[in-house]
Amino acid sequence: NHIALRCITNLLPESPVKAVAVEWSTDYALLGESAPELVSVKHRRPVQGVWTFGKLKDENVFRDLHAVWKAMGEAGDFVFESNAGYARDLACFRRHPLDRNERDTAVLRKLSGLLQADGGETERFVQHFWLREPPLPSSDYIDAVAERDLATVMERLGLDPATARQCFAALASHVAAASTSRPPEPALRVSRLT
């Protein structure tokens, strides 16, 4: 339902997003006039705490997004989002690359080792990667947040906001039908986007 939630604001005419491509149950891409934005989503239970570099490494977040970035010819933007926050060791990734004014060289060296890439390649990748904030709503109340947001958007579009619950259920069902059960390989992900 988090993908359906992210679709809601893109229903407005002023949204730069023209389409949302559902890749699998937790990944999606926002397609517009500029380069695609590939988003990887992972939820955490409250007892699991915030994300750290090590936890993102263990979940293959860096490696997976880097592999797709390479398969796309080092193009596009790559975002990770979650219902959990981020530890201090990820501070250099918590802002959009255009908003960053410093690099944590120790983290970049660690990332280069993990990706088995030289410093230049790692720096280019980091210019297209960030951790989205604020966190997504927890799975316990994501539907309520989505219904509220959709009612607001529907009202702006001149539609009946009282039907937001049914409309969100239909949107979530459509997203579920489009998703795959496993993440595609990087080359297949790129071919689906293009």
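The values are calculated or read from the model by the stated rules, or taken from the named source; none is laboratory data. Since the model is a prediction, treat every value here as computed from it, not as a measurement. Here the Cβ is made from the backbone with ideal geometry for all residues, glycine too, and neighbour counts use every protein chain on show. The accessibility values were calculated without ligands, DNA or RNA, using every heavy atom of the protein model including side chains. Shrake-Rupley method; radii C 1.70, N 1.55, O 1.52, S 1.80 Å.
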I'm trying to understand the selection: among the residues of segment 24-61, which are among the aliphatic types (A, V, I, L, M) and farther than 15 Å from Leu90 by Cβ? Ala29, Leu30, Leu31, Ala35, Leu38, Val39, Val41, Val47
For segment 144-182, how many residues are outside any helix (DSSP H, G or I) and open to solvent by 60 Å² or more (accessible area, probe 1.4 Å)? 6
Evaluation of Trp51 against (1) over 20 Å from Ala29 (Cβ atoms); (2) open to solvent by 50 Å² or more (accessible area, probe 1.4 Å) (one fails), failing number: (2)
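Okay, residues lined up against (1) open to solvent by less than 50 Å² (accessible area, probe 1.4 Å); (2) in a loop (DSSP other than H, G, I, E, B); (3) touching a residue at least 24 places away in the same chain (Cβ under 8 Å); (4) farther than 20 Å from Pro134 by Cα:
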residue	(1), (2), (3), (4)
Ala29	yes, no, yes, no
Ser40	yes, no, yes, no
Lys55	no, no, no, no
Ala75	yes, yes, yes, yes
Is one or more of the residues making up segment 135-143 farther than 23 Å from Ala84 by Cα and among the hydroxyl-bearing types (Ser, Thr, Tyr)? no
Mind telling me which of the residues Thr52, Thr105 ends up being touching an Asp or Glu at 6+ places or on another chain (Cβ under 9 Å) and polar (S, T, N, Q)? Thr52
Determine which member of the set Pro135, Pro97 is touching a Phe, Trp or Tyr at 6+ places or on another chain (Cβ under 8 Å) and in contact (Cβ under 8 Å) with a residue 12 or more places away in the chain. Pro97
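If you go through segment 89-112 one residue at a time, do you hit one that is open to solvent by less than 50 Å² (accessible area, probe 1.4 Å), in contact with a Gly (Cβ under 9 Å, 6 or more places away or on another chain) and not in a loop (DSSP other than H, G, I, E, B)?
Yes, the conditions are met somewhere in segment 89-112.
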Reported set for segment 1-27 where residues are open to solvent by 40 Å² or more (accessible area, probe 1.4 Å) and over 26 Å from Gly158 (Cα atoms) is Trp24, Ser25
Filter segment 12-25 down to residues that are in a loop (DSSP other than H, G, I, E, B), in contact with a Ser or Thr (Cβ under 8 Å, 6 or more places away or on another chain) and touching a residue at least 24 places away in the same chain (Cβ under 8 Å), then give me how many there are. 1
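Can you find a residue that is among the basic types (Lys, Arg) and closer than 15 Å to Val39 by Cα anywhere in segment 85-97? Walk me through it before giving the result.
As a first pass, look at segment 85-97 and keep what is among the basic types (Lys, Arg): 88, 94-95.
Filter again for closer than 15 Å to Val39 by Cα, leaving 94-95.
Checking segment 85-97: at least one residue is among the basic types (Lys, Arg) and closer than 15 Å to Val39 by Cα.
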Residue check, Asp64 assigned to a helix (DSSP H, G or I), within 15 Å of the chain's Cα centre (by Cα) and acidic (Asp, Glu): yes
